[in-house]
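First comes the structure, then the notes that go with it.
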Amino acid sequence: MITTVTLNPAIDKSILLDEVVLGEVHRIKEVVETVGGKGINVSKVLNFFGVATTATGILGRDNADLFTTYLREKGIEDSFYQAAGKTRTNVKVNETKHQRTTDLNEPGLLLNEADIDRVNYKLVTLAGESDYMVLGGSLPRGADDTWYADIIRLVKDKTTVVLDTSGAKLKDGISAGADIIKPNKEELEQAYDVRFADNEECVEFCAELIRGNRLSTVLLTLGGEGAVFITEKVIYHSDPINVNVVNTVGAGDSFLGGYLTGKSIGKNNMEAFRIAVACGSLAVMQKGTDIFSKEEYDEMIEKVVVR
């Protein structure tokens, strides 16, 4: 079973229009609203492939019904803690003319120490039942930036820890003992205050992280330049796939969900990486952060080339 942890989930409201011109009135073509957050998005992909997954984290009880109803209808096990307040809404403005997305993210719930203690207790319990525990995204107000690192220290001897975050949270989580990370190049540069001359230098930096930490696997995404799978023994690179980019939000989550799906159903690393690339590529073609179809997946996986 795979547990996904979303400590700062959101209602994802995706707005589709031609172009944004600041100060002007705009005509919206379409609005798509889905429940989201990194861990929930990973669970969506796992559930699509029939992999057992439990989604946990923190919801604001004032609008928790939207999330609990969605998870129940999708057949995803719900183990969320509910705190006082309202879960945030994140607005994604997708411009078709420029194929770019602008995010307008609310800050999220304000937690107290009792909330944090109860969530930690829940996560330690779930870790003992999980093959993987995925920690992803931003943190709510009231939580220290060290919370992911604290959680990792609590659960790392009970499960395989997967971390998908940024900044100091990423760096501290690696030092605390994360097993798998899924950064992009910019997130690594930000976390370690470095600038990579090219992708090759970034890959070598990832290999150094593996050699110097408990870390076993880096899933490095490079946007339109593909992705790289890195362990101590092997490096795989995927060729870019030409797709119509509609919405980049959630693409990395789908990529990670695809990889964990592959590992859960017994695929080797290369095949699991191929599934990841297919899922990530499909995600950018969706209007919101909901899931693609089986027919779309079957067509996309044939286009994935890994070297």
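The values are calculated or read from the model by the stated rules, or taken from the named source; none is laboratory data. Being a predicted model, the structure only gives us computed values, none of them experimental. Cβ coordinates were reconstructed from backbone atoms using ideal geometry, including for glycine residues, and neighbour counts include every protein chain displayed. Accessible surface is based on the protein model in full, side chains and every heavy atom, while ligands, DNA and RNA are left aside. Shrake-Rupley method; radii C 1.70, N 1.55, O 1.52, S 1.80 Å.
Taking the stated definitions as given, is G57 small (G, A, S) and surrounded by fewer than 14 Cβ atoms within 10 Å (Cβ to Cβ)? Please lay out each step first, then the result.
Numbers: small (G, A, S): yes; surrounded by fewer than 14 Cβ atoms within 10 Å (Cβ to Cβ): no.
The answer is no for G57.
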Worksheet item: Identify, please: which residue in segment 85-96 is outside any loop (DSSP other than H, G, I, E, B) and charged (D, E, K, R) and is, among those, surrounded by the most Cβ atoms within 10 Å (Cβ to Cβ)?
Response: K92
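Where in segment 174-277 are there helices (runs of 4 or more DSSP H), lying wholly inside it, with at least 1 residues that are within 19 Å of Y132 (Cβ to Cβ) and of a type in the set (D, E)?
Details: elements: 185-192, 199-212, 251-264.
Helices (runs of 4 or more DSSP H) meeting the threshold: 251-264.
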Response to the item:
Within segment 255-307, residues among the polar types (S, T, N, Q) and modelled with pLDDT under 95 come out as S281, Q286, T289, S293
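Any idea how many residues of segment 292-306 are among the aliphatic types (A, V, I, L, M), under 11 Å from S281 (Cβ atoms) and either outside any helix (DSSP H, G or I) or more than 22 Å from the chain's Cα centre (by Cα) (or both)? Walk me through how you get there before you give the answer.
Taking segment 292-306 and keeping what is among the aliphatic types (A, V, I, L, M), we get 300-301, 304-306.
If we keep only those that are under 11 Å from S281 (Cβ atoms) too, we end up with 300-301, 304.
Add one more test, that the residue is either outside any helix (DSSP H, G or I) or more than 22 Å from the chain's Cα centre (by Cα) (or both), and what stays is 304.
The total comes to 1.
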Worksheet item: Taking K169, is it in a helix (DSSP H, G or I) and either on the phi > 0 side of the Ramachandran plot or without any contact (Cβ under 8 Å) to a residue 60 or more places away in the chain (or both)?
Response: yes
Discussion item. Of the conditions (1) out of contact with any Ser or Thr (no Cβ under 7 Å at 6 or more places or on another chain); (2) open to solvent by less than 10 Å² (accessible area, probe 1.4 Å), I40 satisfies every one except a single condition; which number is it?
Written reply: (1)
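Can you name every residue in segment 97-108 that is outside any strand (DSSP E or B) and open to solvent by less than 60 Å² (accessible area, probe 1.4 Å)?
If the condition is that a residue be outside any strand (DSSP E or B) and open to solvent by less than 60 Å² (accessible area, probe 1.4 Å), then G108 is the only one that fits.
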Item to complete: Hey, could you check segment 123-165 for residues that are modelled with pLDDT of 95 or more, open to solvent by 20 Å² or more (accessible area, probe 1.4 Å) and hydroxyl-bearing (S, T, Y) and say which is farthest from K182 (Cα to Cα)?
Response: T125
Worksheet entry | When residues of segment 228-278 are limited to those that are open to solvent by 20 Å² or more (accessible area, probe 1.4 Å) and among the charged types (D, E, K, R), the one farthest from N184 (Cα to Cα) | K267
Fill in: Only one of V284, V203, V218, V228 that is touching a Pro at 6+ places or on another chain (Cβ under 8 Å) and either among the aliphatic types (A, V, I, L, M) or closer than 30 Å to D157 by Cα (or both)
V218
Worksheet, complete the sentence: Scanning segment 140-155 for residues that are in contact (Cβ under 8 Å) with a residue 12 or more places away in the chain and farther than 21 Å from G257 by Cβ gives P140, R141, G142, A143, D145, T146, W147, A149, D150, R153, L154
Fill in: Check on L222, at pLDDT below 95, under 23 Å from N41 (Cβ atoms) and not small (G, A, S)
yes
